[in-house]
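The values are calculated or read from the model by the stated rules, or taken from the named source; none is laboratory data. What you are looking at is a predicted structure, and each value in this text was computed from that prediction instead of being measured. Here the Cβ positions follow ideal geometry from the backbone for every residue, glycine too, while neighbour counts run over all protein chains shown. Accessible surface is based on the protein model in full, side chains and every heavy atom, while ligands, DNA and RNA are left aside. Shrake-Rupley method; radii C 1.70, N 1.55, O 1.52, S 1.80 Å.
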Amino acid sequence: MTLSTYAALVGIWVAAIASPGPDLVQIIRLGAKSRAIGVACAVGIMLGNTVWIAASLLGLSALIKAVPEVLAVLQLIGGIYLLTMGVGAIRAGLSAQKLQVTAQTDSKELTTAQALRIGVYTNLSNPKAVLFFGAVFAQFITPGMGWEWTLLILVTLVVIGFGWFVGFAVLVDKLAGFLARWGHVVDLVTGIVFVALAVWMLVSVFQVFLGA
């Protein structure tokens, strides 16, 4: 790997994590409960990303490139989980709207440990993550590039990722008043987005297997 390739990878990574997707939507949704919940979710999301990065550097990206069916299986698992989360978010939004449950009441029902796990699961099922590490990331990883480059890439991407997601979670807290008032709307929108993504992922999987 060259410095120019490394710089290109870092640039693409920054663009990937900064673009809207399930990870950021989930942080906004849980950040509406409290700053601690939002930050815990952000940490969980980056822990999930760390798993993706480490697995890709250890050969997952190469495996997906060689055996496309692996990507389809990952999309199937992710789609099912996103569908479950989406339906749950929609139900929570509708319940909050009917019962006028406030964000403060909701926050008591969710611990930081639970938010951390939700963040991990959200990222591991995120179609953006699946496609990024299964297709884009693989283009930058070459066999025999050396443990030095491997370690540098791992540390760089993890540090940037933690800084971005945790920082975003802290900034979401600045909108606490708005989110507390419209938390049920955030739940509904999140649910709709997750269900739509899940349907897209599952349809893609069926097309792959039917085509095979």
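What to note about this one:
- Output for the stretch 119-132, where each listed residue is open to solvent by less than 40 Å² (accessible area, probe 1.4 Å) and either out of contact with any Gly (no Cβ under 9 Å at 6 or more places or on another chain) or assigned to a helix (DSSP H, G or I) (or both): Gly119, Val120, Thr122, Asn123, Pro127, Ala129, Val130, Phe132
- Considering residues of the stretch 196-212 that are open to solvent by 40 Å² or more (accessible area, probe 1.4 Å) and within 16 Å of Met85 (Cα to Cα) only, the residue modelled with the lowest pLDDT: Leu197
- Lys128 being at pLDDT below 70 and of a type in the set (Lys, Arg): no
- When Arg91 is tested against (1) open to solvent by less than 40 Å² (accessible area, probe 1.4 Å); (2) modelled with pLDDT of 75 or more; (3) outside any loop (DSSP other than H, G, I, E, B), only condition (1) is not met.
Listed here are the residues, each with its yes/no results for (1) modelled with pLDDT of 90 or more; (2) under 27 Å from Ile53 (Cβ atoms); (3) out of contact with any helix residue (DSSP H, G or I) (no Cβ under 9 Å at 6 or more places or on another chain); (4) assigned to a helix (DSSP H, G or I).
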residue	(1), (2), (3), (4)
Gly134	no, yes, no, yes
Gly144	no, yes, yes, no
Thr150	no, yes, no, yes
Leu175	no, no, no, yes
Leu179	no, no, no, yes
His184	no, no, no, yes
Leu188	no, no, no, yes
Gly191	no, no, no, yes
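- When the stretch 1-55 is limited to residues that are open to solvent by less than 30 Å² (accessible area, probe 1.4 Å) and of a type in the set (S, T, N, Q), the one that is modelled with the highest pLDDT turns out to be Asn49.
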